[in-house]
1. Does Leu331 fit the bill of being part of a helix (DSSP H, G or I), in the same structural domain as Leu286 (by TED's automatic domain parsing) and modelled with pLDDT under 90?
2. Any residue in segment 366-380 that is modelled with pLDDT of 85 or more and farther than 30 Å from Cys16 by Cβ?
3. Could you check Thr94 against (1) assigned to a strand (DSSP E or B); (2) touching a residue at least 60 places away in the same chain (Cβ under 8 Å) and say which number it fails?
4. Take segment 202-220 and flag every residue that is part of a loop (DSSP other than H, G, I, E, B) and either buried (at least 18 other Cβ atoms within 10 Å of the Cβ) or in the same structural domain as Thr322 (by TED's automatic domain parsing) (or both).
5. Before we move on, is Ile312 modelled with pLDDT of 85 or more, in a helix (DSSP H, G or I), within 19 Å of the chain's Cα centre (by Cα) and closer than 24 Å to Pro137 by Cα?
6. Only one of these is closer than 18 Å to Arg348 by Cβ and buried (at least 16 other Cβ atoms within 10 Å of the Cβ): Val68, Val14. Name it.
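The values are calculated or read from the model by the stated rules, or taken from the named source; none is laboratory data. Fair warning: this is a prediction, and the values are worked out from it, not measured in the lab. For neighbour counting, all protein chains shown are included, and Cβ atoms are generated from backbone atoms with ideal geometry for every residue, glycine included.
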Amino acid sequence: MNIVIAGAGKVGEVLCSDLARENHNIMLIELNETRLDQFINSYDISGIHGNGAMFDIQTEAGVDTCDVFIAVTRNDETNIIAAITARKLGAKFTIARVRDPEYSKQMTFLREILGITLIINPELEAAQEITRTLLFPSALHVEAFEHGRVNMIEVVLKEGTPLVGLPLKDHNGRFGDVVICIVIRDDHVMIPDGETILRAEDHVMVTGSPGDVRIFSKHCQPDLVKINSTVIIGGGKLTDYLLSRLIKMRMIIKVIEIDADNADRLAIKYPQSEIIFGDGTKQAFLNEEHFSEYDSVIALTGVDEENILISIYASRMGVKKTITKVNRTDLLKVLDNVGLQSIITPQRLIANHIIRFIRSIENSQGSNVSAFYRLLDGRVEVLQFKVKESCCEIAIPLVELQTKPGLLIACIIRDGKIIYPKGTSRILPHDDVIVVTTTHKNFQDIDDIFEKNRGRQ
């Protein structure tokens, strides 16, 4: 696909790296000539020096014939104008990053009236991710599918839990009605079967109804219970989006913000929460605020190193759940196994959202794939198929189906109802089926997941 990207910030860098690696033709527009040259030398892309919102620059970049135009500069207004201009020039799909909470209130207007295909907000995405993580305290990560109606959580199995040493065929129903989709062991990713025996320190990704997933996660880490209170360190845009969600969850909230004016603004806007002016990076101040008595600590300052240290200190002081915002993911490789729990990277979240959108476009052209995701750095694919009446395996119990190795049917959606399948479940026409796979690429239809030459016409 021909893709034009305006903006060479952190999101732009992830997009250039990932999309060029997948053999898309990337044209980057950037005002900073030095940074533009760095990107051209580092990735297999082309580039133009200039303002991505300008008509003549977009024309020179070939926006009129591109498949996707992506505006991810630092300025919301520039991104909106750039996306509108690209749409008028002829770009098939336009994407704009918009961060201001005020603009988020009129996303629908911007999409429908101005013709912007997708408007995304890194802080809003991160707030949604944090909210999902708090709903599942044992989860390291929560992946959402089917517009947030289906969740897949990643948990670690602790030594001594009843799940360890148990073949999956013997676990059914004992720990909630869940589907174990993925097992990560010693950095090896596999789709489990009934004979798979779980081990301590395995990372497993499971899906199921929210209640059953909570039951399962409690067995993984029984010391973690429902999160009823939290301390948020940092009062930026992300905190602004997060507070409204946590207030609806009736959570006890304390925000520590170092900027007095911003602390006052948050106090006026969110009177249900306790807003404290002070330096949340100081251990003595945190102790004065009795932060260790809260169920969770969420570190959202603008400095990655401070967030990491806050979370490590909170864990050592006995806080049950820590969530850490980290933008520079290279730090995590250096600080492996330092006790961090859930890690939120807004730039990576939004880049993944854009890449998923592009892959969905690419995979839906001439195929029956309605949604497409990649997890764990691309080692796992999740595809959603719409089942046609011509499907060769309709109304056959799943236990009798011969699917290709290395895949699993995780979920069936029928008439708006979510079904987490058992061996007796059947696929019917017009169902949506979510499939998880590690080894197969370029599935175009639900029929592609089944073994052929089975003797059935």
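1. yes
2. no
3. Here Thr94 clears every test but (2).
4. Asp202
5. So Ile312 fails the test.
6. Just a single option satisfies the conditions, and that option is Val14.
Rundown of residues vs (1) hydroxyl-bearing (Ser, Thr, Tyr); (2) in a helix (DSSP H, G or I); (3) surrounded by fewer than 17 Cβ atoms within 10 Å (Cβ to Cβ), yes/no style:
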position: Ala200; (1), (2), (3): no, no, yes
position: Ile232; (1), (2), (3): no, no, no
position: Asp240; (1), (2), (3): no, yes, no
position: Ser244; (1), (2), (3): yes, yes, yes
position: Ile247; (1), (2), (3): no, yes, yes
position: Asp279; (1), (2), (3): no, no, yes
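Conditions tested, residue by residue: (1) assigned to a loop (DSSP other than H, G, I, E, B); (2) over 27 Å from the mean Cα position of the chain (by Cα); (3) more than 17 Å from Ile180 (Cβ to Cβ); (4) at pLDDT 90 or above.
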residue	(1), (2), (3), (4)
Val399	no, yes, no, no
Pro405	yes, no, no, no
Leu428	yes, yes, yes, yes
Val435	no, no, no, yes
Asn442	yes, no, yes, no
Asp447	no, yes, yes, no
Lys452	yes, yes, yes, no
